[in-house]
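To keep things clear, I will list the structure first and then write my remarks on it.
The values are calculated or read from the model by the stated rules, or taken from the named source; none is laboratory data. Predicted model, so just to flag it, every value in this text is computed and none were measured. When we count neighbours, we look across all protein chains shown, and the Cβ atoms used for this are built from the backbone with ideal geometry, even at glycine. These accessible areas exclude ligands, DNA and RNA; they are computed on the full protein's heavy atoms, side chains included. Shrake-Rupley method; radii C 1.70, N 1.55, O 1.52, S 1.80 Å.
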Amino acid sequence: MKKKVTKAIFPVAGLGTRFLPATKSVPKEIMTLVDRPLIQYAIDEARAAGIKEFIFVTSRGKGALEDYFDHAHELENTLRKKGKTDLLQKLKATNMDSGEIAYIRQHKALGLGHAVWCARRLLSNEPFAVILPDDVIAAETPCLQQMVEAHAELGGNMVAAMEVPDEKTSSYGVLDIKEDMGSVVSVKGMVEKPEADKAPSNLAVIGRYILSPDVMGHLNRIKTGAGGEVQLTDAIAQEITSADNVYGFRFKGQRFDCGSKAGFLQATVAFGLAHEELRDEFQDYLTDLGSVRNAAQ
Ligand code: G1P
């Protein structure tokens, strides 16, 4: 029987410089996508996939993130007294139980691989998930759940994957495909942020991973890679030589790069249009906007 994936690492130590000045005092992960902070989307996705322990790799200035997961007793009492049960439910859905959540500091910004390695002592000898909250994925079946289901059959290491335009490969980890089986590909190599002419394919790694504990061992040993950082991609690639079990998973869903302003805006529009309370009003607004634009042209 394959071991269940019950722990997830959320690397959230980044400075969020692309969103300055907003991120001067607010962690990027607390920025609001419609009515929930970015991190809540990642947590909800993890829970849906059966994750029970949430490990945050943080850094200085992320206090608001830790506070967000605390129980807000005063606020809850006030809402209870006022009979605002709907709001109370919404608030309670964000609470974490004691012991469910752990915070580890990454003391130096040495890269994604290093951030994940910082959590090594909180894992035992079992597969674990990594979720990059910047990558928000709208999907009928949440992306990590799709991957957990595929992982239950295949085991090994699995990364979410998506085709990107050739000129974008330099922003991603890119897969060298051994065998393409449709929704799953087996992988014979992985390169971090290759220029288009060096990219082995245009199948890019998106921020969802299910990794074998051996990857932590590789992270113990590897040196800095692309951009002078310790790359998670390089540690996973070592699994190909030692165990030959790395898979790319073409998830069903739409991914938004909320690490960029344009991606954040696109996600805001998409999630606004999908939001029960806002859908109609927002749709009307966008339709009106479209006709004003067309009239002006
Ligand atoms: C990270 C990973 C990269 C992956 C990307 C997905 O890069 O290093 O392999 O393709 O996330 O979003 P970052 O965007 O942190 O530079």
Overall Cα dimensions of the range 1-152 - principal axes, largest extent first, Å: 48, 40, 29
P(r) weight above 18 Å for the range 108-219, C-alpha pairs, percent: 54 percent
Taking N as its residue count, the alpha carbon Rg of the chain over 2.2 N^0.38 Å: 1.05
The range 1-60 and the range 69-134: distance between their alpha carbon centers, rounded to Å: 8 Å
Solvent-accessible ranking of Leu75, Leu15, largest area first, probe 1.4 Å: Leu15, Leu75
Amide H partners (placed H, <5 Å) of Lys188, local residues excluded: Asp176, Ile177, Lys178
Over the range 194-297, equivalent-ellipsoid semi-axes from the Cα gyration tensor in Å: 42, 17, 13
For the range 2-139: lysine pairs under 18 Å (alpha-carbon distance), excluding those fewer than 8 apart on one chain: 14
Neighbourhood net charge (13 Å Cβ-Cβ; Lys/Arg +1, Asp/Glu -1) for Lys84: +3
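Once you keep just the Cα pairs under 8 angstrom separated by 6 or more residues, what percentage relative contact order results for the chain?
21 percent
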Accessible surface of Ser171 - all protein chains present, 1.4 Å probe, nearest 10 Å²: 70 Å²
Most to least accessible of Thr32, Thr241, Thr233 (protein chains only, probe 1.4 Å): Thr241, Thr32, Thr233
Accessible-area composition of the chain, carbon plus sulfur, in percent [1.4 Å probe]: 51 percent
1.4 Å probe accessible area per residue over the range 60-110, in Å²: 75 Å²
Accessible area of the range 211-297 divided out per residue, in Å², using a probe of 1.4 angstrom: 59 Å²
Rg(Cα)/(2.2 N^0.38 Å) for the range 136-198, N = residue count: 1.22
